[in-house]
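The values are calculated or read from the model by the stated rules, or taken from the named source; none is laboratory data. Remember, predicted model here, so these are calculated numbers, not experimental data. Using ideal geometry, Cβ is built from the backbone for each residue, glycine included, and neighbour counts are taken over all protein chains shown.
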2 protein chains.
Amino acid sequence: MFFSKRDIQFNLYEVLHSEALTQYPYFQDHNRESFDMVLDAAQQIAEKMLYPLLTQMDRKEPQLVDGKIRVHPGMKPIVKQFGQDGWINAGFSYDEGGQQLPATILNAAGFIFQTANYSASVFPFLTTGAANLIRSFGSKALIETFTPKMYSGEWQGTMALTEPNAGSSLSDITTLAEPTEQEGVYKLKGQKIFISCGDHDACDNVVHLMLAKIKGAPLGAKGISLFVVPQQRLDKDGELTPNDVITAGVYHKMGYKGAPIAHLMVGSNDDCEGYLVGEPHKGLGYMFQMMNEARIGVGLNAVSIGTAAYQASLAYAKERPQGRKISEKDPTKPQTNIINHADVKRMLLFQKAVTEGAFALLMYCSKLADIAHVAEGETKERAQLLLDLLTPIAKSYPSEMCCLSTSAAVQILGGAGYTTDFPVEQYYREARIHPIHEGTTAIHGLDLLGRKITIHQGKAAQIFFEEVRKTLAEALEISELKPLAEQLQKTLGKAQQVTAHLLGLAQKGEIEKYLSDATLYLELFGVITIGWQWLKQAIIAQQSLAQAHAADHDFYQGKVMTARYFYEYELVKADSLMKRLLSADQVTIDMQSEWF
Amino acid sequence: MFFSKRDIQFNLYEVLHSEALTQYPYFQDHNRESFDMVLDAAQQIAEKMLYPLLTQMDRKEPQLVDGKIRVHPGMKPIVKQFGQDGWINAGFSYDEGGQQLPATILNAAGFIFQTANYSASVFPFLTTGAANLIRSFGSKALIETFTPKMYSGEWQGTMALTEPNAGSSLSDITTLAEPTEQEGVYKLKGQKIFISCGDHDACDNVVHLMLAKIKGAPLGAKGISLFVVPQQRLDKDGELTPNDVITAGVYHKMGYKGAPIAHLMVGSNDDCEGYLVGEPHKGLGYMFQMMNEARIGVGLNAVSIGTAAYQASLAYAKERPQGRKISEKDPTKPQTNIINHADVKRMLLFQKAVTEGAFALLMYCSKLADIAHVAEGETKERAQLLLDLLTPIAKSYPSEMCCLSTSAAVQILGGAGYTTDFPVEQYYREARIHPIHEGTTAIHGLDLLGRKITIHQGKAAQIFFEEVRKTLAEALEISELKPLAEQLQKTLGKAQQVTAHLLGLAQKGEIEKYLSDATLYLELFGVITIGWQWLKQAIIAQQSLAQAHAADHDFYQGKVMTARYFYEYELVKADSLMKRLLSADQVTIDMQSEWF
């Protein structure tokens, strides 16, 4: 199996008590039973439709043929199934044909899909994100024209942001929108690159949520507007007709090969219509309101790949005989399975610690999103602030660490892991996209240290520290976990000093220095946050051990041991990071380009 | 360019004073001029023959067609050129048709080849290693029969060790050798897997240096013998005739695709002749005497890939405009090249620190090999002991770290780096083989902590500490470097405590615990060793700065800054590693397989 069902249940019901969400009116028709049915349905699709295509989609990449990107023929039934079963709008309201499912449950289901086949899972995930923008900020006409076909899976949705000279620096986009005589209708002209699912033949149409600048708009981020730009627009008779969005190319890439990534020429023949979403010049703001969702989605993508690799290497380690115990010198003794070597266990524990730690954080963030959505007053506000703060970590920690954890999976398989006979090399290649897309790790470091830590007079950070201290208080009462709690407490205290030191630089106007190691600060915050998540898990596991029967006993033991592993091998890295963050040497600023 | 010529010269002549090697009679015909001619010749081949095939060889993988592996057709002229120009036996004596070139120079030349095209460079490199075994331990008849065609590049050499059930645990090989009536001739039967260049059509024949067990041999490592097993043997008339070595398959793999890796069936028809090298049962010993060479070779392979990736990302960073300085909020200002962002400089410094630091170590080890080869008495002994100690680090540090440094190269290119439009994604894939082959990282950790640190009453370690302290003494006298020297001194002192602690466990018989974190110990030793190499480089650079003219001034500044970077960002990691290594918690031993 490519994921642990038990671990999902542990997070949903033992750690997060997700069934409590059904006390809110919006979720009141649900219960644990309906949640489990959703997860079982996801598992069915994952096992029967997605996993069987995992390798094939990697080998048979999308190709541009006669101006159209052809994807693996197996994608068409998959996209249809996602639409038919209501997965694309499952989180939306009944009014919108949705099922008002909590994000917590939907993300757990998405995780199951992604562990089976990351590339295939991207298609519906992108449509949901695009549709969400239209329904949140679009006019009634736009919603009625576009979302039903998106929900049904007939039309693909995309986010069309990046341009050749505007990637990390989105404010520099140059795609131009000129008003027409018809209100809300613009003529667009420009280029978009790296557009995931930007064109393919598994759907009938593609609906781009595209950033562009209305002629005469202010420079920079404040002049960006959001448009719906369909690949084919509807003519007067309601028939689809080409909208002058030409696919100039498909990217060939290291991994994630099953998903078609397009280079688009927009309005080359002056005949591309775009429909303004919301008000002019507010596009980036709209986009960012959806970003938490997309970024948690990317974190989940990363951790799902890491999870599948962990499971594959675990299965191999349990069956592969090689070598003997270090203290066993007798060559007549049979070889032992490699899972019995301490160093192999270390690599498995590393993967388990990273993937289950990050998954716990992502489920926690999903629940915060649900609470921010349906609660009110201070509860809502606290959830939203904490979610905002955690989002760069929830995106970046899994993205960075699953590159390393998939590497450990390859290492466990040895030479076999480097061949295409096993899936781990594919996971290693696929994992590498996540630190890049949906904001690079550096961008998230700047977001965390440059914005999230300070906004609202540091209220989000204050809530974070409060929540961690609650967990610490609980863990300090459990003798087995007291050493871990003390270690985290000490690290947290020092991290607050580091934060104060860095904010002090900002106050002194040393902006470059303040943010020069924002990536390291993000890493520090990540290791602390995941340490916190492991302590939360260890508390439940330790408390459940006494009454647990056999299989559950093993599961809980595994949780407690992995928490110990995380503190022994991962949380200690905070020391080195903080030493650097407190140093006065600004070598990366002082270094000059001609000295390289 | 895919490497820095200036950096090679810096290491060879300013740090290592390689020209001093010519004072030894064996190298007396050489001088700096002849060394430079060798390097220039290597650069010619690298630029004209190797680099142009880099991408093509990745795209057009070797295929097994009618029982023969077909490699890229461009390999045939390359292999021929290497033979014709005398590269394969250049380090051997004049008697053997060689040029008595120092390993230091040959490895620098090899580095140039490998930065251009790692897969292509493997072919001659393997032949050299195999021929070296024959000439060192084989009979006159074996030497005369096999080595001339290997030197000329007509016949490929391989190392045929691994079997389906014997990879890391070589003592478990089962390939059987039965004596025949002819002395020294055996019939072999078995399977070999993962044999690099084990079969291909760019040469006329393949000569395997194969490990097997003679019937009735002792169990385990002490029963392994070494054989020459040609793919085609010479019949009575001196004609090549098949020797019952059948190619059962070619491995398809993540990277390093240009090199054909074979699965071989040996003696399936009871007609495979093998010729015993040296004495029976001593094969593993012979193999290990050549291991230093092969392992330094793998370290160089890794660092060459890391270097090419560094150079590619450096060139990109200097030309790619994106974003503005953090303190610059005005969107009308033009974008700046990304090399001006502190975080991009950090990623470039990381790559420079890892690749140039590891290259310095590998050149240093090459010089130790030369001295161990040609010197006498204590000088020879010290060089050999130090080389033995450093070998696991020289193999593993570049192997592990160049996975990370190529990842940083991908990150600098962003989305572009993930596409096949740029070579960095290929470098990322190719780098991943090195922690696996020629002994996994775990095996090298056990070698370092379990053997090298303790053999000869710890004399090798003692020499190491003496050498580092010499460098420290020099650096403490240079005000700019004093803080670095103090940091290294402190780390070194604590590392000695860590070593004493671990050896104490061994003395108490706690063998499993003693070695359970050998991989982390290897990492610790690696970061200290490379810190030492950076201090050595910084001393020369700092002393040369005053009189240096423009380009050299930039070069030396870069060296000093990168040393600072290494200490600020990398050497600090020793703290976290030592904290773990001193911990009493044996979580990776306590963890049970059923708890995963």
Inset, instruction - Only one of these is at pLDDT 95 or above, outside the structural domain of residue B:45 (by TED's automatic domain parsing) and closer than 27 Å to residue B:306 by Cα: B:128, B:174, B:115, B:162. Name it. - result: B:162
Inset, instruction - Starting from the stretch A:536-559, keep only residues that are of a type in the set (Ser, Thr, Tyr), then list their pairs with residues that are surrounded by fewer than 16 Cβ atoms within 10 Å (Cβ to Cβ) whose Cβ atoms are within a distance under 7 Å, requiring at least 6 positions of separation or different chains. - result: A:556/A:548
Inset, instruction - List every residue pair whose Cβ atoms lie under 8 Å apart, where the two residues are 6 or more positions apart in sequence or sit on different chains, the first residue falls within the stretch A:437-450 and is on the phi < 0 side of the Ramachandran plot, and the second residue, located anywhere, is among the hydroxyl-bearing types (Ser, Thr, Tyr) and modelled with pLDDT under 95. - result: A:440/A:168; A:442/A:168; A:443/A:168
Inset, instruction - Kindly establish whether residue A:537 is crowded, with 17+ Cβ neighbours inside 10 Å, assigned by TED's automatic domain parsing to the domain that holds residue A:477, at pLDDT 95 or above and out of contact with any Gly (no Cβ under 6 Å at 6 or more places or on another chain). - result: yes
Legend entry - Residue satisfying condition, being modelled with pLDDT under 95 and of a type in the set (S, T, N, Q), within set A:454, A:471, A:499: A:454
Legend entry - Breaking point among (1) in contact with a His (Cβ under 9 Å, 6 or more places away or on another chain); (2) outside any helix (DSSP H, G or I), for residue A:330: (1)
Legend entry - Filter result for the condition that a residue is more than 15 Å from residue B:468 (Cα to Cα), part of a helix (DSSP H, G or I) and within 23 Å of the chain's Cα centre (by Cα), over B:520, B:535: B:520
Legend entry - Residue match in the stretch A:562-577 (condition: under 29 Å from residue B:325 (Cα atoms) and not polar (S, T, N, Q)): yes
Inset, instruction - Tell me, please, whether a residue that is closer than 30 Å to residue A:5 by Cα, within 22 Å of the chain's Cα centre (by Cα) and not assigned by TED's automatic domain parsing to the domain that holds residue A:54 can be found in the stretch A:187-196. - result: yes
Legend entry - Residues satisfying the stated conditions in the stretch B:397-408, i.e. hydrophobic (A, V, I, L, M, F, W, C) and either within 7 Å of chain A (Cβ to nearest Cβ) or outside any helix (DSSP H, G or I) (or both): B:403
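Yes or no, residue by residue, for (1) buried (at least 24 other Cβ atoms within 10 Å of the Cβ); (2) touching a Gly at 6+ places or on another chain (Cβ under 6 Å); (3) not assigned by TED's automatic domain parsing to the domain that holds residue B:56:
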position: B:94; (1), (2), (3): no, no, no
position: B:102; (1), (2), (3): yes, no, no
position: B:119; (1), (2), (3): yes, yes, no
position: B:123; (1), (2), (3): yes, no, no
position: B:139; (1), (2), (3): no, no, no
position: B:142; (1), (2), (3): no, no, no
position: B:146; (1), (2), (3): yes, no, no
Inset, instruction - Determine whether the stretch B:557-577 contains at least one residue that is in a helix (DSSP H, G or I), farther than 25 Å from residue B:343 by Cβ and more than 8 Å from chain A (Cβ to nearest Cβ). - result: no
Inset, instruction - Identify all residues within the stretch B:215-233 that are assigned to a loop (DSSP other than H, G, I, E, B) and either buried (at least 22 other Cβ atoms within 10 Å of the Cβ) or within 14 Å of another protein chain (Cβ to nearest Cβ) (or both); write none if there are none. - result: B:217, B:218, B:219, B:231
Inset, instruction - Count, please, the residues in the stretch B:234-286 that happen to be of a type in the set (Asp, Glu) and outside any loop (DSSP other than H, G, I, E, B). - result: 1
Inset, instruction - Taking residue B:38 as the residue in question, decide whether it is hydrophobic (A, V, I, L, M, F, W, C), surrounded by 13 or more Cβ atoms within 10 Å (Cβ to Cβ) and under 23 Å from residue B:2 (Cα atoms). - result: yes
Inset, instruction - Please identify the pairs in which a residue from the stretch A:344-367 that is closer than 20 Å to residue A:106 by Cβ and within 14 Å of another protein chain (Cβ to nearest Cβ) has its Cβ atom under 7 Å from the Cβ atom of a residue that is hydroxyl-bearing (Ser, Thr, Tyr) and part of a helix (DSSP H, G or I), counting only partners at least 6 apart or on another chain. - result: A:355/A:307; A:355/A:310; A:355/A:405; A:356/A:562
Inset, instruction - Tell me, please, whether a residue that is in contact with a Phe, Trp or Tyr (Cβ under 6 Å, 6 or more places away or on another chain) and closer than 30 Å to residue A:560 by Cβ can be found in the stretch B:538-550. - result: no
Inset, instruction - Would you tally the residues in the stretch B:578-595 being facing another protein chain (nearest Cβ under 8 Å) and hydrophobic (A, V, I, L, M, F, W, C)? - result: 4
